[in-house]
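Novice: One structure is given below, represented as structure tokens, and several questions about it will come after.
Please treat every number below as a calculation from the coordinates, not as lab data. Since the model is a prediction, treat every value here as computed from it, not as a measurement. Quick reminder, even Gly has a Cβ in these numbers, built from the backbone with ideal geometry, and neighbours come from all protein chains shown.
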């Protein structure tokens, strides 16, 4: 299988061009290639396919083989892949996903894409659509008390096509994320599990973030999580509608246009290496 390893501020995936040929058993392949000892090493697998509704279709799988709806860092790399590989010559493209079409503007430097701005669409705040189990009369899940492992946390939930739970902490560096992350992910109030963002407020335009991703564990970055975190922090009155999200792998610029209710994300996309791998099954 020919592949390209790419990363968006450390959120790394294996990319395969499936515009001409489908890939059999992608869930199992994702488990194999994601293994950092016996495979290629990644947070998952992203397939780039043709689409009858957009320029391309993005299909993605987590490291554990589960299928995911969307990935903000991943879709930026899709934009770089299709332009750098000559699959398109347009600098504004559409990419269909399981949660609808996303609009990408490609920043090209010396013939290669260096960064991508993505219209991430509208944030979803209704609990039943995120989904998160809430009180019957609750229109939004904002600053709600949730007990995890005997401790009560204030949690705000937002979907950017995939579920996110945002929690505020005093210090992200000392957070035992490998202990608390799985307990949030598999909490009974999240029927489809959840991604969890732990946010430290630096000031009204800078948020420090660590993320525990559903199906992948802690990752260096999460684009949809950064978008959800900005929306949640605005709803809690703790930041402005445009801010820099400081993740372990680097920074993302996030903006929530509240008048049109659209979230924008801008950040880099990088090719790491290319190669071929023998699939052992």
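Novice: Only Cα pairs within less than 10 Å get springs; with that Gaussian network setup on the chain, which residue of 100, 237, 44 has the largest fluctuation?
Specialist: Between 100, 237, 44, it is 237 that shows the largest mean-square fluctuation.
Novice: Also, quick follow-up: Apply the a/c threshold of 1.5 to the C-alpha gyration tensor of segment 200-281 and tell me whether it is rounded, prolate or oblate.
Specialist: Verdict is prolate for segment 200-281.
Novice: Find the relative contact order for segment 104-167 and round it to a whole percent, using C-alpha pairs within less than 8 Å whose residues are 6+ positions apart.
Specialist: About 26 percent, as a whole number.
Novice: Extent of the chain along each principal axis, from alpha carbon coordinates, in Å, largest to smallest?
Specialist: 49, 42, 34
Novice: Among 205-213, 29-37, how do they line up from the highest to the lowest mean number of other beta-carbon atoms within 10 Å?
Specialist: Ranking the peptides 205-213, 29-37 by packing returns 205-213, 29-37.
Novice: So what is the relative contact order for segment 61-178, in percent, with contacts set as C-alpha pairs under 8 Å and at least six apart?
Specialist: 17
Novice: Follow-up question, since we're still on this one. Compute the Rg/Rh shape ratio of segment 13-55: radius of gyration over Kirkwood radius, all on alpha-carbon atoms.
Specialist: 1.05
Novice: Please arrange 15, 103 by how many other C-beta atoms lie within 10 Å of their C-beta, fewest to most.
Specialist: 103, 15
Novice: Hey, what D do you get for segment 1-133 in µm²/s if you plug the Kirkwood alpha-carbon radius into Stokes-Einstein at 37 °C and 0.692 mPa s?
Specialist: Answer, rounded: 215 µm²/s.
Novice: Highest GNM mean-square fluctuation, the chain, Cα pairs closer than 10 Å: which of 25, 107, 186?
Specialist: 25
Novice: Express the C-alpha Rg of segment 214-262 as a ratio against the empirical globular expectation 2.2 N^0.38 Å, rounded to two decimals.
Specialist: 1.19
Novice: Ok, one more. Over 18 Å, how big is the tail of the calculated P(r) for segment 94-164, in percent of all Cα pairs?
Specialist: Every Cα pair in segment 94-164 considered, those over 18 Å come to 55 percent.
Novice: Who wins for biggest fluctuation among 132, 262, 231 in a Gaussian network model of the chain, springs between alpha carbons below 10 Å?
Specialist: Ranking 132, 262, 231 by mean-square fluctuation puts 262 first.
Novice: Which order results if 204, 258, 76 are arranged by neighbouring Cβ count within 10 Å, fewest first?
Specialist: So the ranking, lowest neighbour count to highest, is 258, 204, 76.
Novice: How much length, in nm to one decimal, is gained on full extension between residue 35 and residue 149, taken as 0.36 nm per residue of separation minus their Cα-Cα distance?
Specialist: That works out to 38.1 nm of additional length.
Novice: Tell me the volume per residue, in Å³, of the convex hull enclosing the alpha carbons of segment 162-205.
Specialist: Taking only Cα atoms, segment 162-205 has a hull volume of 81 Å³ per residue.
Novice: Then there is this: Return the tail of the calculated pair distribution for segment 154-250, meaning the percent of Cα-Cα pairs more than 23 Å apart.
Specialist: Value for segment 154-250 (Cα pairs over 23 Å): 14 percent.
Novice: What is the distance, in nm, between label points placed 7 Å from the Cα along the Cα-to-Cβ direction at residue 260 and at residue 66?
Specialist: It works out to 3.3 nm between the two label points.
Novice: Could you work out the relative contact order of the chain, using alpha carbon pairs under 8 angstrom and six or more residues apart, expressed as a whole percent?
Specialist: That works out to 20 percent.
Novice: Taking the simple approach of a point 7 Å from Cα along Cα-to-Cβ for both residue 206 and residue 90, what is their distance in nm?
Specialist: According to this spin-label approximation, the distance is 3.8 nm.
Novice: Based solely on its DSSP helices, what 222 nm [θ] is calculated for the chain when runs of n ≥ 4 H residues each add -39,500 (n - 2.57) and the sum is averaged over all residues, nearest 500 deg cm²/dmol?
Specialist: -4500 deg cm²/dmol
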